[in-house]
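Undergrad: The structure's right below; bear with me while I get my questions together.
The values are calculated or read from the model by the stated rules, or taken from the named source; none is laboratory data. Computed from a prediction, not measured in an experiment: that's the story for all the values here. Because the Cβ atoms are built from the backbone with ideal geometry, glycine has one as well, and the counts that use them run over all protein chains shown.
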Amino acid sequence: MTVTQSTWSPSSWRGRRALHQPGWPSDERADASRQRLAKMPPLVFAGEARALRDALARVGEGRAFVLQAGDCAESFHDFSAITIREKLKILLQMSAVLTYGGTLPIVKIARIAGQFAKARSAPTEDVGGVELPSFRGHMINSEAPHPEARIPDPDRMEQAYHQAAATLNLVRAFTKGGFADLNQVHAWNQEFVATSPVGQRYEQLASEIERALRFMAACGIDLVSERRLHEVDVWTSHEGLVLDYEEALTRRDSTTGDWYCCSGHLLWIGERTRGIDDAHVEFFAGVHNPLGVKLGPAATPEEVLELCERLNPARVPGRLTLIARMGADRVFDLLPPILRAVRDAEHPVTWLTDPMHANAFKTASGVKTRRFDDVLAEIEGFFAACLRERVWPGGVHLEFTGEDVTECLGGGEAVLEDHLSSRYMTLCDPRLNARQSLDLAFRVAELMRRP
Ligand code: PEP
Ligand code: CO
């Protein structure tokens, strides 16, 4: 049965196959958590979700570009004003490079304030020679290396909600309260970045932006009252994996009567949970947020068209963002038939590349990593595929951190295999550090100038 407004409800997904759900050990405790969450205030508002949808519609038309980035998995432990601020700094820095280099507005979407649950490829993992149930994100269990820590705990949904609320509060304060002011463009360069060649390249660009601002002021433009120079919109997003959590935060918008999932502005369906008849597609078909869907190398044009019909039957521009993660060596072969099918069916889709998730591998010593060059190569392959099919390459979806970690190999000041263990801090997948991220932004800006 397909979803219609009359048969859908926030709980109608419960009749479907729901993959990668926590399997809480106690139904009563899980119910109690859900009920408490359902009484909490929404984290985001319907009007904000609509504003992001409109921004994504402009991206779909080739009038803007998306930078979506953040941790693979947010942590309950690594949570402070400083880590949030450092993430915002690199996001703002990359956006400045992309706006200036690509001369287009950048829609900034953080993987933040809700990215606490992971679909894992195997139910168990090897931890120092011991087989344990997999760590599945702090919304579900703990990464500590003993079996009790791995038991799902529904109270974690509430902890995730409270951390998301505090995070979002700070993000709103930073982005509206002066920190994101374009006059601060130099201040976003952290010291460990500023001393590197890419940091110095950024300093130069920041000085050019300052000069451009002074030029506009000299022309008589009132820069003080131009709000857009002093604040930015940073939207929140996460994979909508744990449907107990997402359902509990779903609210009916009083102005339109439509349902919105108020845990984040944009929610995406992961590669492992996008089955057309499964619970995640059922749930997200009924909420009006802008949605993303990850597409891995096995995705077929037919499947993707079905997802478009199901998730965006009214063909609302900005409603659906497709995020291709095919692998550096495969994207140019696998993506064009899908781009063509969607384009020919006249579905208004915003296309992003996730150059991270199909390019991971383990080193000889067993460390999960990614190469900067593979990440860049997948982005280049994505741009080439889009160019060939006359589709706008709408943006990039990255896993990064503002910190000086050594998780991905390569980049301008190359991280080498021997360095990986020195500051390998991620809870889940390896992230680009701030230098590698900035380096990538310069490369992407060059690609944006070409189409
Ligand atoms: C992720 O974005 O962290 C993720 C697990 O992605 P995917 O669904 O593409 O594997
Ligand atoms: Co990841």
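Undergrad: State all residues of region 318-333 that are surrounded by fewer than 21 Cβ atoms within 10 Å (Cβ to Cβ) and either away from ligand 2 (no atom under 16 Å from the Cβ) or under 15 Å from the mean Cα position of the chain (by Cα) (or both); if no residue qualifies, say none.
TA: Scanning region 318-333 gives Asp329, Arg330, Phe332, Asp333.
Undergrad: When you check Arg315 against the structure, is it of a type outside the set (Ser, Thr, Tyr), surrounded by fewer than 17 Cβ atoms within 10 Å (Cβ to Cβ) and touching a strand residue (DSSP E or B) at 6+ places or on another chain (Cβ under 9 Å), yes or no?
TA: No.
Undergrad: Take the residues of region 340-355 that are touching a residue at least 12 places away in the same chain (Cβ under 8 Å), over 28 Å from Phe372 (Cβ atoms) and not hydrophobic (A, V, I, L, M, F, W, C): which is surrounded by the most Cβ atoms within 10 Å (Cβ to Cβ)?
TA: His347
Undergrad: Looking at Asp31, is it free of Cβ contacts under 8 Å to residues at least 40 places away in the same chain and either of a type in the set (Lys, Arg) or surrounded by fewer than 21 Cβ atoms within 10 Å (Cβ to Cβ) (or both)? Steps first, answer last, please.
TA: On the way: free of Cβ contacts under 8 Å to residues at least 40 places away in the same chain: yes; either of a type in the set (Lys, Arg) or surrounded by fewer than 21 Cβ atoms within 10 Å (Cβ to Cβ) (or both): yes.
Yes.
Undergrad: With the requirement that a residue be over 20 Å from Lys39 (Cα atoms), assigned to a helix (DSSP H, G or I) and over 19 Å from the mean Cα position of the chain (by Cα), what does region 144-173 give you?
TA: Scanning region 144-173 gives Pro147, Glu148, Ala149, Arg150, Ala173.
Undergrad: Looking at (1) more than 16 Å from ligand 1 (Cβ to nearest atom); (2) over 19 Å from the mean Cα position of the chain (by Cα); (3) closer than 30 Å to Pro313 by Cα; (4) among the aliphatic types (A, V, I, L, M), which is the only condition Ala414 fails?
TA: (3)
Undergrad: Pick from Ser80, Ser75, Ser26: which is more than 17 Å from the chain's Cα centre (by Cα) and touching a residue at least 60 places away in the same chain (Cβ under 8 Å)?
TA: Going through Ser80, Ser75, Ser26 in turn, just one is more than 17 Å from the chain's Cα centre (by Cα) and touching a residue at least 60 places away in the same chain (Cβ under 8 Å): Ser26.
Undergrad: Still on this model: Can you pull out the residues in region 245-288 that are farther than 20 Å from Leu43 by Cβ, in contact (Cβ under 8 Å) with a residue 24 or more places away in the chain and more than 17 Å from the chain's Cα centre (by Cα)?
TA: Scanning region 245-288 gives Gly275, Ile276, Asp277, Asp278, Ala279, Val281, Glu282, Ala285.
Undergrad: Here is a follow-up. Which residues, taken from region 47-80, are away from ligand 2 (no atom under 16 Å from the Cβ) and within 13 Å of Ala113 (Cα to Cα)?
TA: Matches in region 47-80: Phe76, Phe79, Ser80.
Undergrad: Scan region 105-143 residue by residue and report those that are under 30 Å from Ala64 (Cβ atoms) and part of a strand (DSSP E or B).
TA: Across region 105-143, the qualifying residues are Ile106, Val107, Lys108, Ile109, Ala110, Arg111.
Undergrad: Can you find a residue in region 363-376 that is within 16 Å of ligand 1 (Cβ to nearest atom), touching a residue at least 12 places away in the same chain (Cβ under 8 Å), assigned to a strand (DSSP E or B) and surrounded by 23 or more Cβ atoms within 10 Å (Cβ to Cβ)?
TA: yes
Undergrad: Still on this structure, please answer the following. Kindly indicate which of Ser225, Ser263 is among the polar types (S, T, N, Q) and either part of a helix (DSSP H, G or I) or modelled with pLDDT under 95 (or both).
TA: The match here is Ser225.
Undergrad: Separate question: More than 30 Å from Arg371 (Cβ to Cβ), within 15 Å of ligand 1 (Cβ to nearest atom) and buried (at least 22 other Cβ atoms within 10 Å of the Cβ): which single residue out of Val281, Val293, Val304 fits that description?
TA: On the way: Val293 fails: more than 30 Å from Arg371 (Cβ to Cβ); Val304 fails: more than 30 Å from Arg371 (Cβ to Cβ).
Checking each option against the conditions leaves just Val281.
Undergrad: So, one more: Of the residues Leu88, Leu67, which is buried (at least 18 other Cβ atoms within 10 Å of the Cβ), of a type outside the set (S, T, N, Q) and assigned to a helix (DSSP H, G or I)? Don't jump to the end; show me each part of the working.
TA: Values: Leu67 fails: assigned to a helix (DSSP H, G or I).
Within the list Leu88, Leu67, the selection yields Leu88.
Undergrad: Residues Val391, Val405: which one is without any contact (Cβ under 8 Å) to a residue 60 or more places away in the chain, within 16 Å of ligand 2 (Cβ to nearest atom) and assigned to a loop (DSSP other than H, G, I, E, B)? Write out each step before concluding.
TA: Details: Val391 fails: within 16 Å of ligand 2 (Cβ to nearest atom).
Exactly one of Val391, Val405 is without any contact (Cβ under 8 Å) to a residue 60 or more places away in the chain, within 16 Å of ligand 2 (Cβ to nearest atom) and assigned to a loop (DSSP other than H, G, I, E, B), namely Val405.
Undergrad: Just checking, which of Pro147, Pro133, Pro152 is of a type outside the set (Lys, Arg), under 23 Å from Ala248 (Cα atoms) and surrounded by fewer than 21 Cβ atoms within 10 Å (Cβ to Cβ)?
TA: One residue alone meets the criteria, Pro152.
Undergrad: Restricting attention to region 110-142, which residues are of a type in the set (A, V, I, L, M, F, W, C), within 13 Å of ligand 2 (Cβ to nearest atom) and within 20 Å of His280 (Cα to Cα)?
TA: If the condition is that a residue be of a type in the set (A, V, I, L, M, F, W, C), within 13 Å of ligand 2 (Cβ to nearest atom) and within 20 Å of His280 (Cα to Cα), then Phe116, Ala117, Ala119 are the ones that fit.
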